[in-house]
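The values are calculated or read from the model by the stated rules, or taken from the named source; none is laboratory data. Note that this is a predicted model, so its numbers are computed, not measured. Note that each Cβ is placed from the backbone with ideal geometry, even for glycine, and that neighbours are counted across all protein chains shown. The area values use the complete protein model at the heavy-atom level, side chains included, leaving out ligands, DNA and RNA. Shrake-Rupley method; radii C 1.70, N 1.55, O 1.52, S 1.80 Å.
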Amino acid sequence: MIIRNGLVFQEDKTFAKKDILIENGRIVDVRECATGYSQEIVDATGLYVLPGLIDVHSHGAVGHDFSDGDAEGLKEILAYQYAHGVTSYCPTSMTLSKERLLEVYRQAGELVNSEERKYSGIVGFNMEGPFLDSTKKGAHREEDIILPDVDFFRKCNEVCGNQIRLVTVAPNVDGAVEFIREITDCRNSKAGEHTTLNNITISLGHTNADYETVKNALAAGANHVTHLFNAMWPMNHRNPGLIGAAAEDENCMAELICDGVHVHGSMVRAAFKLFPGRIVLISDSMRAAGLSDGEYELGGQQVTVRGNLATLSDGTIAGSVTNLFDCMRKAISFGIPAEEAVAAATMNPAKSIGIFEEVGSLTPGKRSDVILVDRDWKLVKVFGC
């Protein structure tokens, strides 16, 4: 197949009029004029040609949640994501009991290792809980929050086929730095050693940690922030906390929920300045995404959805009801340059969880995950491997 005459997004964050040649689910060539080929031709004249979007933090959609442990429900989530331009996806677990989390990851491993994996778009799992600070628990159940436990984490990772790509840790709780250091030591070990802990990104979040505590966690190997600004100490001129410490670390990326509810437009613009080239747009969607207002459930707690706002009974925001494509569009509407918004939904998330060699840009050898978007930033077509 040839996608012809589109404005193709480049790794240098520019757009260029080029053709993309695709064979057997891979990008074979990107050139200014692909001639002499007899493959199917897709005319992308006047359209932006982007890499498929990558959502590394999303709990669910269309009435289903990853933490349900339901394979058929997960497929429905993946179908919704694909229809909205998300071709690579990290299902994200909530804080649950240890027994329940193990079962969720066991069932997830059966799905991701099945023949259907190539259709699912699953590129790993995100373990948001249970190693959190209860004072910044957000929509997570306090009774199931536990201290960082490497052995338990190993078990969860092993039962899902070593597919956990991202884990959130509150750096101010007992044992956090030791947990980070042990996983990081394994992550950086020689090939063949400690394989169950390879390629894991450690994210800091759901925490009241101060600046120095975060600096220590970053020095130990953490390099990611869970939903910047939400469920953390706010940036203060005397205690810059997680935000200030992470912004100073050029290796640290930061998730941002850009749904117009979680973070004000002014702070979205500030985030892109604080973390230049390091913002990872996420949806943090829950099961109400794609559905109407009503009563729903998240992590064992009731959630009320009214418009774009999902809240617990005490008013705590409980995930979003959006998708990553709409978050990217919202960022652009807030004044973020389109090139930076696209990178934050494609290249940056791929780099953040170590899959950039496979997806995240339109370069030869990568998966043929491509979306076509018109000049009003409306989704036109999705091509997935």
For the range 8-26, which positions are surrounded by 15 or more Cβ atoms within 10 Å (Cβ to Cβ) and touching a Cys at 6+ places or on another chain (Cβ under 9 Å)? LYS18, ASP19
Test for LEU21: is it over 19 Å from the mean Cα position of the chain (by Cα), under 24 Å from MET347 (Cα atoms) and outside any loop (DSSP other than H, G, I, E, B): yes
Of everything in the range 277-306 that's of a type in the set (S, T, N, Q) and out of contact with any helix residue (DSSP H, G or I) (no Cβ under 6 Å at 6 or more places or on another chain), which residue is surrounded by the most Cβ atoms within 10 Å (Cβ to Cβ)? SER285
Considering the range 86-140, residues that are among the small types (Gly, Ala, Ser), closer than 22 Å to ALA222 by Cα and open to solvent by 10 Å² or more (accessible area, probe 1.4 Å), and then whichever is modelled with the lowest pLDDT, we arrive at GLY138
Please determine whether any residue of the range 243-265 is surrounded by 18 or more Cβ atoms within 10 Å (Cβ to Cβ) and more than 24 Å from PRO337 (Cα to Cα). yes
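Test THR87 against the stated conditions and say whether it is within 24 Å of ILE20 (Cα to Cα) and among the β-branched types (Val, Ile, Thr).
It is true that THR87 is within 24 Å of ILE20 (Cα to Cα) and among the β-branched types (Val, Ile, Thr).
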Tally of residues being touching a strand residue (DSSP E or B) at 6+ places or on another chain (Cβ under 9 Å) and open to solvent by 10 Å² or more (accessible area, probe 1.4 Å) across the range 370-385: 10
Is it true that some residue in the range 17-36 is touching a strand residue (DSSP E or B) at 6+ places or on another chain (Cβ under 8 Å) and hydroxyl-bearing (Ser, Thr, Tyr)? no
State yes or no: is CYS327 over 28 Å from GLU212 (Cα atoms), touching a residue at least 24 places away in the same chain (Cβ under 8 Å) and open to solvent by less than 40 Å² (accessible area, probe 1.4 Å)? yes
